[in-house]
Structure formats: C-alpha cells, structure tokens
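Only the coordinates and a few stated rules stand behind these numbers; no lab work does. Quick caveat, the model's predicted, so the values are computed rather than measured. Glycine gets a Cβ as well: all are built from the backbone with ideal geometry, and neighbour counts include every protein chain shown.
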Amino acid sequence: MRATTFLGSRRVMSAIGQGMGGRPSAWSIQQAAPASPFHAAASSGGCSSSSSSSTAPSTSSSSSGSLPSGRPLRARLSRRLSTSARAAAVEAAPVPAAPPRSEVLTGDPANNVTDYIYSKMGTNLHLQPDHPICVIKQAIYNYFQANQPGLFKTFDGLHPVVSAHSNFDEVLVPKDHVSRSPNDTYYVNADTVLRCHTSAHQAELLRLGHPGFLVTGDVYRRDSIDATHYPVFHQMEGVRVFSPDEWTAAGLGPTEFAERELKAALEGMARTLFGANIECRWVDAYFPFTNPSFELEIFFNGKWLEVLGCGVMEQVILDANYPDGSGKKAWAFGLGLERLAMVLFDIPDIRLFWSGDERFLRQFKAGDLKAKFKSYSKFPPCYKDMAFWVSPEFTENNLCELVRGERGAGEWEGTHYGRVGALVKESDMLHLDDDVRMGIGGDLVEEVTLIDSFTHPKTQRTSNCFRITYRSMERSLTDDEINALQDRVREGVSGELKVELR
Ligand code: FA5
Ligand code: MG
C-alpha cells in the first residue's frame, strides 16, 4: 500500500459522506443551483443522502427530479444518453500509433522505458468500440454532452509522448516532487516523458480557449502491482471554465461556486453510470494544480477504491494560459477509466483489460452499460516469498518493473496481445536479453506485496520480505513454470537491484 498517491498527497477524510466510524457512509447531494444542468443530473438519481453522520447539506427533498414536461428527469436523461446522434463530437485527430521503437527506447542515459511498456503503446483500448474502456469513455462523454450540449470538446487522439514541461511544469508540479522521479515516471530522455497523466494537456488546450474539454488517453507510470494498479492505464481529463456572471448569479464566490459545480458534475456522472445506490465518498486531497483538491472513492469488492482526482484549478494556470483567464475560474478532474469500468462491469482484476481472450472481449459491446463480467475461469494463485537485504538501487517500483517487465513466460505465444493490437512484432523482442528490459513474469504477476520489513539493530541493514502472487487469468500454471519464474526473479533482483538474498 503506497503511503502517498502519485500526484496527490496522503488523504484526509472530508466531512462529506464520512461516517461516524468504520466505513464512511455514502455521500449526500450538494445544495442544488437551479441554473446548473449538473445539479439537475446529480439529483436525478435520487441517491440516498447519508444519514445523521453526514455534515453536507442535502437537497434530495427539495429537488423535484423532473423536468417541466413532467417526465421524470431520469427517463429523459437515459433516452438522451442512448441517442447516438447526440453523442459528443470527438475531435477528429489521427489515432496515435505506436512510435518506432527507437524513438521510445532511445538509449539516452535518462531513458527508462521497457519493451513491456513499449508493447502497450498504440493499443488505444479507449478507441476500440466494443472494449469496456471505450464503452465507459463514451458513456461519460454522453453524460457531459447530455447535460451541457456542445460545451465539452473531446480529444481522443493526443499523443502520449509529451514534454516534461507540459507533463509537470505547466501544471505547477514542483521540481522536487516525487512524481518527477524516474522511479515513478517513464522518461524517453531528460526532457521528454510518457505522460503520467492527462493533465499534461491542460495548458495547451486552455491556450486554445476551450471553455470545456475532455481528454482521453493512455498514461504510463512505474507503480506497484495489484488488482487495481497497472503501469499503463487510461485517464480522462475534464476541464470547465466559468465567467464571473455565473458565480455572481449563484450568489457565491468563484472558488466556492467552482467546487460546488465540480462535485455536482461528478456526483451526477457517478449516479448516471452506477445508479442511485452506489456508495461513494469525497476525500480531501492535494494536487499541485488544484486548490481545494478532492478524490472520489467508490466502495467496490469490500474496499474503498479511488476513482478520480479533481479540484478547483490553480488560478496561475488559468492566468498563464486561458485567453483573458484572470477574470475566470475553472474546475478540473482526472479519472481512471479502468477503475470506473471495474466498478461498472464488475471486473475484478485490471490485467483483464489487456486480455486478448475472446471469453473476456465478447462480454462487452458498444453502448451496453448493463454487462456484468462473468468469470470464465478461476485458477488458483501461487505465492512465492522472497527476503533480502535492500541496497541503494532497490525500490519497490524497480522490483515491480523487474518482476512484471516484458512478456510473461508462456503468455507471449499466439495472440495474447494480438487482439487488442499491440503493434510489436515478435522479431523486435528477440534480441533483448536484459531482465530489467525484458521483465520476467509479465501479466502472470497478480500482486507484489511487502509482507515484512525490519532493520537489524546492530548493522542497521534493512531486510524486506516480498510476496509475489502468480496467477494466470486464462489457464493453470504448473509448479515447474512458477519455480522457473521465481528463480529468474531471484537472479534478477540480486543482479540488477544489487540486493543480498537471504
Ligand atoms: C492524477 O493523475 C491527477 N492528474 C488527477 C487530477 C486532474 C486532479 C485534474 C486534479 C485535477 P492521480 O495520480 O490520483 O491524479 O490519478 C488519477 C486516477 O488515475 C486515480 O484516481 C485512479 O483512478 C487512476 N490511477 C492512478 N494510478 C493508477 C494505476 N497504476 N492503475 C490504474 N489506475 C490508476
Ligand atoms: Mg490519487
């Protein structure tokens, strides 16, 4: 479990939706402003406002939940959402193909991209119409379009290789922020990265003067390994700019107004996607580019799952980029599409999104938000523990990269990546011989967990014990195969990460 979020800081519970103890209760609906379409949408789901434990004002009783025609708003909304003719117009941009390998694995001293990561580039799950990532993306576009027709311009094809300047500097990420570290971000060279968030495009799109936009794309992070973290995933960025007359009409200050609009928009989105009974909570957060900042969590499979970060945009960003930005106010959010799709379609493991297995893919269809994933197999996990004295080279992310790294033994044959279309030829892989570039376990690695750590009182050396869980989504693994993988992991960690195995 990471102590801090990647771009945000450690979280503090906000008052909204926080229970008296134990599990916080679901959120309550914010005070509605009649002028805001998002407020109408947010109240349409009739989400049960949390009981006495919530301190947020609730309007579920004061909001009518219907439009002037008398038709229930929810019915109207869902009709609109299913009308493809009214779907958001997506910015016509060429689909970002994988760049040539030599442009991403450059040999530059700062380069830390692996072939495993490169093999994911150009796959663009968010552009494959029947893929669950694309299905949920489209549902969210439709929601925003239905609420504010034409306001949000959508961008699906912005290239994931971006300057460090736009990924970090333009969104005020401090020079010494952890997310800039090569332990956390993939560098092509010292000035160029694989975007680690879609916020990398905020400033450039603000400069074009769009008052609202949604950007979807693949993002890349060196990260821990478990069922909800993957080194490549898909984010959607949303930005909405307001003018003074809007907050004046609402009788609110600019920041207060933007915060209220933001939460209403996102609560409405959650209820539109998941229905009224979904359990959600707001958590206070920190991001360098927003203030105040929040994260939204959804209760899923017995745990709170963080699905998005958001906040009121730092004024400096608007001032520096938006035409006449100093008189404006904006909100921004960045959501994880895999996480939302896991909740919506009941998908238990993030690795499944990359499966080329027909038994997975055929369960989803464009426009079908009702599909629930049916497990076609449940193979037993296999646990391997490994203890070692750590070295200066050792970090948990380095271990995860080494363990998962490139193709999984036995998973590469045939079309494991084929159907989802990773544009890597087998011949490109054959000359690779370095375990850090190649990796070992691929998607057979389900989880890497630190289960024990102690510092020797005399030598002050620290020993860690990690448990690696291996499991295939598609077949049974043999003992011999796992033992061979684990032997290679042990060789890799002692050789590459210079740790002393115990
Ligand atoms: C960000 O990336 C911010 N750029 C979000 C933002 C945008 C905040 C605009 C404010 C304004 P964070 O690092 O928390 O924040 O990631 C956002 C979401 O991406 C998370 O909530 C989660 O849903 C998803 N996510 C993060 N890491 C992973 C991962 N390794 N695998 C899958 N999903 C992930
Ligand atoms: Mg976060």
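Observations on the model:
- Straight-line cross-link partners of Lys370 among the lysines, defined as a Cα under 17 Å from its Cα and at least 8 positions apart when in the same chain: Lys137.
- Report note on the peptides 322-333, 337-348: ranked by the mean count of other C-beta atoms within 10 Å, highest first, their order is 337-348, 322-333.
- Its residue count N sets the reference 2.2 N^0.38 Å, and the alpha-carbon radius of gyration of region 348-392 equals 1.83 times that reference.
- Percent breakdown of C-alpha pair distances by 5 Å bin, ordered from the shortest bin, for region 282-378: 3, 12, 18, 15, 13, 11, 9, 10, 6, 3, 1, 0
- Summarising the amide proton neighbourhood of Glu446: residues at separation of 5 or more, or on other chains, whose placed amide H is nearer than 5 Å comprise Thr469, Tyr470, Arg471.
- Phi-derived couplings, Karplus 6.51 cos²θ - 1.76 cosθ + 1.60 at θ = phi - 60°, listed residue by residue for region 179-185: 5, 7, 5, x, 6, 10, 10 Hz, with x used for Gly and Pro.
- Length released on extending from Glu103 to Tyr383, taking residue separation times 0.36 nm less the Cα-Cα span: 97.1 nm
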